[in-house]
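Computed from the coordinates by the stated procedures, all read-outs in this text should not be read as laboratory data. Everything numeric here is computed off the predicted structure, so don't read it as measured data. Please note: Cβ atoms are built from the backbone with ideal geometry, for glycine as well, and neighbour counts cover all protein chains shown.
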């Protein structure tokens, strides 16, 4: 609660205040200074009291409170981070989970219970989980007078729902005994008497609220939930479990909604505020649940009748009947749904830290706002500019998750500062269409220059598709944060494997510094006049640059060997070739493609993976350099030992053996991703089979690449240790990551 600066002065008798007023309030000024210092002391005393409790204490006090109750951090999860940096604070939150320390005593009292494993997963790692006792799924003969109806059942070929869940976290069918251990470092087994599995979901479920569906076929009334026209797995909106002893089911975790589950328990998934909802013609009332039909629309062969609306949650498709009226057809379809992804990256409705608005003019865009289009707000901003510059620092904020198909051209004069952003909790999509038939369109940002000071622009929270963004002219800075510039522009369904390498961002003869933060982009093309300018400064942080192929150009210049740019890239994944003038610093990154740098004597690359044949500045702890050096050292040591098989080799044969060993190691540490197709929920997520040198290859033992700040190796190590601590002797508990690699789809294809 804020205190008045005059609170001490107000305590004085009126006679002293009256005499002070006669002399120009010198006593009041003195007491204001004293009041400020009193407030500092009071805040410090309040902070000391709040630091007594785990719920209100500051982050630095959490390890000390944990030490009071005997909580020990996991040593092999890595050392604590620097508490003075944002990265160190975030790492310490993983190593010292506040919720786990708060519940440590309660967990000790519940040691050995199944539901405790789920709570441990949530508090120790932040991952939702489902615990399964595999002995309950063993195929055993039961006594007819003492039946266990909750045990595994023999296969009923008529139960399609049970067959779909076979082998997954919600399996209920009986299995034969598997003697392999669930924690084996070779081939894991599951179904044995001591085996307990903790299935964890590393993905998050993100909402899209009242967005337009994509019209695939106007003659047949076919739609997709994704406004980009992509097939999208719909995810559940997890609901809280009813009590502490409840074992999670499909509604409590962020998992893909199955067709059969949607058909049998539609009321759990469909409706306002639930996992998905559909509106037709207007947003006043959603389509009634009795009109919704669960269907397989993989080949669009199913057509509903009358007012029926067919929904395929596994592909994110919608089909309407042929009798759908023209009046409703013009109004379109609006949808709310949830999709899965690994982190808060790219355009999305997750909360973001928006820049200050004090003293800045805000132009709001949306169906119920002053401006219906982005172009109208831009025109008004241009008209409102005045000589003193009061309205040159402005914000254009989009207040909904709609699609804006319009031609956008932003002209920034000297002294202009503009931020084009989505409101918090919204994800607008800008569709750049073919407005000019004789040349490609783009979102154009033009700086005109002048003597009025720097001009800059910020794009925040947007999804841009259809074409790319083009920047030209004299600008100070172009910042792209939490945006998606769709790689390959408008892609087709991933099974058609049709992708384009068209640039998502093009900078031509501009003075702007480019800053990319927590974003997803396609190729970046830089064309600069090398004679008249310095290299363009480019900074990429916590982002993905996707050229749609490792042999394509992710960052380069057309018609030139390298882009005339100076690059700084931190905690990012670049899928494609990188060709730049110099690299100041590259840290904790994955360059899945060849890197070519002109000025090798400048800069440094540390804790990165580099594609074969890369020409870079000096490297420190990079892959595959480390494994190649280790392989060579091992062979040379073996060759020098007496009696070794390698000691008899000639120098030529020894060199061939070293070359072959290096090649094996080089192939082993190549990063493996669950998917490289934009629109997939596991987009550029490292696979379980990826080498440990990549999954723990960063400077703080986290993973390399764009998802470094998730600290998943630390979460896993912390969870494993806590499970062993709270599991009774004799139990064999293992962690199983749910990656949604359903075998039924592979068989069907």
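Odds and ends about this structure:
- Neighbour-count ranking [beta-carbon atoms within 10 angstrom, fewest first] of 297, 234: 297, 234
- The ranking of 400, 67 from fewest to most other beta carbons within 10 Å of each one's beta carbon is 67, 400.
- Over the chain, DSSP H runs of length four or greater, each weighted -39,500 (n - 2.57), average out per residue to a 222 nm ellipticity of -6500 deg cm²/dmol.
- The reciprocal of the average 1/r between distinct C-alpha atoms defines the Kirkwood hydrodynamic radius, which for the range 204-341 equals 15.1 Å.
- Relative contact order of the chain, defined on C-alpha pairs under 8 angstrom at six or more residues apart (%): 10 percent
- DSSP bridge analysis restricted to the chain gives an antiparallel fraction near 20%, rounded to the nearest 5.
- Sorting 575, 337 from the fewest to the most surrounding beta carbons within 10 angstrom yields 575, 337.
- Fraction in percent of alpha-carbon pairs per bin - 10 Å, the range 173-273: 12, 28, 30, 18, 11, 2
- Kirkwood radius and radius of gyration were both taken over the C-alpha atoms of the range 1-50, and their ratio Rg/Rh is 1.11.
- Across the range 239-304, Cα-Cα pairs farther apart than 20 Å form 40% of the total.
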